[in-house]
Amino acid sequence: MTGVHFLEDLSAHLAEISAIILFGIGITLLMLSRNMIKKNIGFSMTDSAIYLFLAAKGYISGRKAPIVVDGIEQMAYYINPIPAGLVLTGIVVSVASSAVLLALTVRLYRQYHTLDIDEITSLAQKEEEV
Amino acid sequence: MTDASSLALWQSLPLVCILLPLGSAAVTSVLPKRTARCWTAIVLSLQFLASILLTLFLRDPSRSYTFPMGHFPAPWGNELRIGMVECLICLFFSLVMLLSFLGGMRRLDQDIVEDKQSLYCVMILLMSAALSAQVFTNDLFTSYVFVEIMTLSSSALIASRARGRTVLASARYMIMNMLGSSLFLLGLVFLYDLTGHLLMGHIREAVDVLVSSGENHLALIVTVALMTVGLSIKSALFPFHTWVPDAYGSSTPASSAILSSLVSKGYIFVLLKIICRCMGPSLFRLSGMDDILFVFALLGMILGSVSAVRQRDVRRMIAYSSVAQIGYVYLGIGLGSEYGLMAALFHIICHAACKSMLFLSASGLIEASGGKTSLHALRGSGHRAPLTGIAFVVGALSMIGFPFLGGFVSKVNFALAAMDFHRFHRYLVLLGLVISTWLNTWYFLRVVILIYTKPEEEVQEKSIHRGVLYTFALVALIALNFYLGIGAQRLITAFFDALPAFSAAFPG
């Protein structure tokens, strides 16, 4: 019986569960990968995971976007538009952040000819000693 | 619920503090270098003036009001919330920002490529808009957006110097901050999901209902943990401080002064608002995050200073000392009492005034020693640059906690805050303060003695005209530090009177 309940729970919250798993993968990449590009991919994954969570929580199946075209004004007919607005704003913010990190990656690559952050750090240290 | 039409004209002043620098940032990008600098200085002074006027008009510390942005009333529209705590913090932030910019202005020619200098001014303006928006906003998502704007502009401020390892420092800064903002954003989304609100007062109402009914208990605690950890990563609480020495130690002096004294404090202020206004102290205590912050704050106070002692580069030493000072602020938050919060707020201001002066004067001393940053090279530089030497000594003494200076009042505050607690907390705080003060004395006095020792061989001073603005900034910062030490009582009383209004869900 509990197995069935568990499966029901799982399917009802599929989007949220996958969002959290994606978030975990993204954070791991961001923290543990030494490659700057992979770090950036990790960051994009964490943020997308959060937006997936927000969008999944903000949508109620069967309801519509709150644009009144057929004269129905009951609240129960529409969904709250704010989560979608937050997702849009958030996407803009994370695009800007990844753009800045990518720009820094390009400059680092031109200077040190590698994407490995540990290698760059040791190269920079050697440069300073000289 | 305040109606836009019932507001007096002065009540729109916080809008000036936010929109003026934000709007002029867009204009500044096309201005030539010299005009851009003047314009930035003017805008920062106007922002300072607006915050003074706001403080004067508000007058009563127990008073606070909300300012609706746009025409939508409270649960739907975005709003600002203004009380005495916000006003005072904004006032000191804009003052320190202005002085750091003025003090570091002349060095920009040396450190930044000619045609990028007006872009540097854009970043300064963006940062100052983001800071005041974070201080005043009452909406969680707005504070997230401005937290990110601040992160991006500070990353540019670090990377702007053309020489050295600044790009690497900036990349490492970005990576840590991205981690922090992801955790913070996840916490924010959880909180929105649990409560259905983004305005802090309404979140508090919903959270109180959830806490008293015991519903979603685990989810609430996870939320508190995510937001606290996210913001403490961003504000470089020990052990997330690894990016600090590179970022503060290698960027141009104006950048390091602004970064160390203001950026981390902006994040901490957002955290304070979340703890006091959104969650309420009881939920914060329930989640156990206060003890966690307390432990890491103590570790940071001591280990940050230990790392500072081991540095051979004066700017990296001051950067590590910042790690220790951030520990002090979190100590006040971790204590969780009203006195602890007041001590944290006072230390935010006190450290801002002191650290910016230390970075500016250290850069002056380095210049007087032919551009070498090692401690040994600074020998005798206090004689070569008298005023800079005095500023460094005042800053160092304030950090150590010498009477008549801000740092002393701050340390007394923390000790007094600890007295309200039982044995365990009390003795840990006092022990931490003693060890940290001892270490501070060790590494700061070492430099103070060194800069007034006669050098073995005559060092040729580089003939760099340090300028009127640099002198003005240092003198003003010295005065500010003495004011914080001598006239602190009024400030402390104002914070005490204003805290209930600051942490109330709704004004009035």
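The values are calculated or read from the model by the stated rules, or taken from the named source; none is laboratory data. Note that this is a predicted model, so its numbers are computed, not measured. Glycine also receives a Cβ, built like all others from the backbone with ideal geometry; neighbour counts cover every protein chain displayed. Heads up: the accessible areas ignore ligands, DNA and RNA and are worked out on the full protein's heavy atoms, side chains in. Shrake-Rupley method; radii C 1.70, N 1.55, O 1.52, S 1.80 Å.
General observations
- Residue ranges of helices (runs of 4 or more DSSP H) in region B:148-252 with at least 1 members away from chain A (no Cβ under 12 Å), in contact with a strand residue (DSSP E or B) (Cβ under 9 Å, 6 or more places away or on another chain) and more than 29 Å from B:Gly280 (Cβ to Cβ): B:244-250
- Of everything listed in (1) within 14 Å of chain A (Cβ to nearest Cβ); (2) open to solvent by less than 10 Å² (accessible area, probe 1.4 Å); (3) over 23 Å from B:Ser251 (Cα atoms), the single unmet condition for B:Ser132 is (1).
- Test for B:Gln311: is it in contact with a His (Cβ under 7 Å, 6 or more places away or on another chain) and among the polar types (S, T, N, Q): no
- For region A:94-130, taking the residues that are among the β-branched types (Val, Ile, Thr) and either farther than 19 Å from B:Ala159 by Cβ or open to solvent by 30 Å² or more (accessible area, probe 1.4 Å) (or both), the one that is nearest to the other protein chains (Cβ to nearest Cβ) is identified as A:Val100.
- Number of the exception - B:Ala171 against (1) surrounded by fewer than 22 Cβ atoms within 10 Å (Cβ to Cβ); (2) over 29 Å from B:Thr66 (Cβ atoms): (1)
- The conditions of being buried (at least 19 other Cβ atoms within 10 Å of the Cβ) and at the interface with chain B (Cβ under 10 Å from one of its Cβ atoms) are met by A:Gly90.
- Only residues that are assigned to a helix (DSSP H, G or I) and more than 9 Å from chain B (Cβ to nearest Cβ) were counted in region A:27-39, giving 5.
- Total residues in region B:184-228, condition open to solvent by 40 Å² or more (accessible area, probe 1.4 Å) and hydroxyl-bearing (Ser, Thr, Tyr): 2
- Set side by side, the residues A:Tyr78, A:Tyr51, A:Tyr59 differ, and just one is open to solvent by 80 Å² or more (accessible area, probe 1.4 Å) and either farther than 30 Å from B:Arg312 by Cβ or within 12 Å of chain B (Cβ to nearest Cβ) (or both), which is A:Tyr59.
- A single entry from A:Leu86, A:Leu52, A:Leu101 fulfils the requirement of being under 30 Å from B:Arg163 (Cβ atoms) and either touching a residue at least 12 places away in the same chain (Cβ under 8 Å) or touching a Pro at 6+ places or on another chain (Cβ under 7 Å) (or both): A:Leu101.
- Some residue of region B:265-280 being hydroxyl-bearing (Ser, Thr, Tyr) and modelled with pLDDT of 90 or more: yes
- For region B:365-395, filtered to residues that are of a type in the set (Gly, Ala, Ser) and modelled with pLDDT of 90 or more, the residue that is surrounded by the fewest Cβ atoms within 10 Å (Cβ to Cβ) is B:Gly389.
- Selection status of B:Leu298, of a type in the set (A, V, I, L, M) and either open to solvent by 10 Å² or more (accessible area, probe 1.4 Å) or not in a helix (DSSP H, G or I) (or both): yes
- Checked against the criterion of being open to solvent by less than 40 Å² (accessible area, probe 1.4 Å) and among the hydrophobic types (A, V, I, L, M, F, W, C), the candidates B:Val434, B:Val448, B:Val412 yield just one match: B:Val448.
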